[in-house]
Amino acid sequence: MTARDELPPLRETIRRHGLSAKKSLGQNFLLDLNLTARIARAGGPLEGITVVEIGPGPGGLTRALLAEGARQVIAIERDSRAIAALGEIAAHYPGRLTVVEGDALEMEWNRAPAAASSIAQSGGETEGAVRIIANLPYNIATALLVRWLGIEPWPPWYDSLVLMFQREVAERIVAVPGAKQYGRLAVLAGWRTEAKIVFDVAPTAFVPRPKVTSSVVRLVPRASPLPCAVTAAAFGQRRKMLRQSLRALGPDPQAILAAAGIDPAARAEEISVMGFVALANALDAAREQA
C-alpha cells in the first residue's frame, strides 16, 4: 500500500505518533498491507461505496479502503493518540476520509444511511451503498455485532458487514445446530443475515501478536427475515429441555412446542433458525388467544 499511496510505512507512523497498542482498548494493529487490501476487497468492489470503519488505529485498513476506491470512509476511533495519524491520511485523500473521535458503543446505529454522516458528525453526504468494514477491537466486537444485527427497521442501512473476530467468535457466528459453538449469536446472525468465514488471519499479522487466530467474517442482510423472539429464553438455560426453559414466556410451553412441531425434550442448541421462527410464531398465536 505504501507504493500505491505514497504514505509513510505503518511502522514509521506508529513510531512517530507513539501508538503502542493498548490492551485496555483491545488493540492489535495490522501491518501487513497486502492483508489489509484483501480485507478491504472481501465485501466486493468499493467504487461508490461509503465505508464505516471502527477502530482504525494507525490506519492500515483505512488506507486500503481508500486505495481500493471507497467513495468515502467514516473512521470512528476512541484512541485520541491515533487522530493525528489518521489526519495525515485524510490530508492525502481530500474529502474522502472523515475521522471521528468517539466510542462506537455509545453511538446510535439504527438510523442510516443518511445518518451515517450524523453518526460520524461529519455533515457530509453518504450517497450510494454503505458498508461496515473493520478490524474490530476484540473487547467490543461481539457487542457491536449484536447491535448491528438488531437494527430496526430491517433490512438495515448497510449492504454488508466485513468484520474481523477472534476465530472462536467467528465460529460461534456461523455455527449450525448441534455444534458446540451454536448459541444465541448463531441464531441471531443466521436469522437476519447469511454469514460465512471468508479467511483466517494468523497471529503473526498483528502487532502485538495475539495468542489466537483471527477470522474475517462477511454477513449479508436477508431482505425479509421472519420474526423470531424466543432465543433469550431458550439459550438462557441452554442445558435444560425447551419445555422447561420456555416456561418464563407465559403460555404453556408444551402447547407452543407442539404447535411448532418441536420435540419438548429438545435443547436450544439442537434447534435451527427456522425452528426458532416457528416457536416465535406459535408463541404469538398463543398470546393472541389468551
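Observations on the structure shown:
- For Ile132, the residues whose amide H sits under 5 Å from its own are Val52, Asp159, Ser160, Val162, ignoring neighbours fewer than 5 places away on the same chain, with H placed 1.01 Å from N.
- Each residue, Glu47 and Lys240, gets one label point 7 Å from its Cα in the Cβ direction; the gap between the two is 5.7 nm.
- Measuring nothing but how far apart in sequence close Cα pairs (under 8 Å, 6+ apart) lie, relative to its length, the chain scores a relative contact order of 15 percent.
- Mean residue ellipticity, 222 nm, helices only, the chain: the sum of -39500 (n - 2.57) across DSSP H runs of n ≥ 4, divided by residue count and rounded to 500, is -9500 deg cm²/dmol.
- Prolate/oblate/rounded label for the chain (Cα gyration tensor, a/c 1.5): prolate
- With every protein chain in place, the chain: carbon and sulfur % of accessible area (1.4 Å): 50
- Taking the C-alpha atoms only, the angle from helix 83-92 to the longest principal axis of the chain is near 70 degrees.
- Inter-label distance, Leu31 to Ala179: 3.3 nm, where each label sits 7 Å from its Cα along the C-beta direction.
- Simple spin-label estimate for Leu105 and Ala248 in nanometres, 7 Å along Cα-Cβ: 2.2
- Burial order of peptide ranges 242-253, 66-77 (average beta-carbon count within 10 Å, highest first): 66-77, 242-253
The values are calculated or read from the model by the stated rules, or taken from the named source; none is laboratory data. All of these numbers come straight from a predicted model, not from anything done at the bench. Cβ coordinates were reconstructed from backbone atoms using ideal geometry, including for glycine residues, and neighbour counts include every protein chain displayed. These area figures cover heavy atoms from the full protein model, side chains too; ligands, DNA and RNA do not enter into them. Shrake-Rupley method; radii C 1.70, N 1.55, O 1.52, S 1.80 Å.
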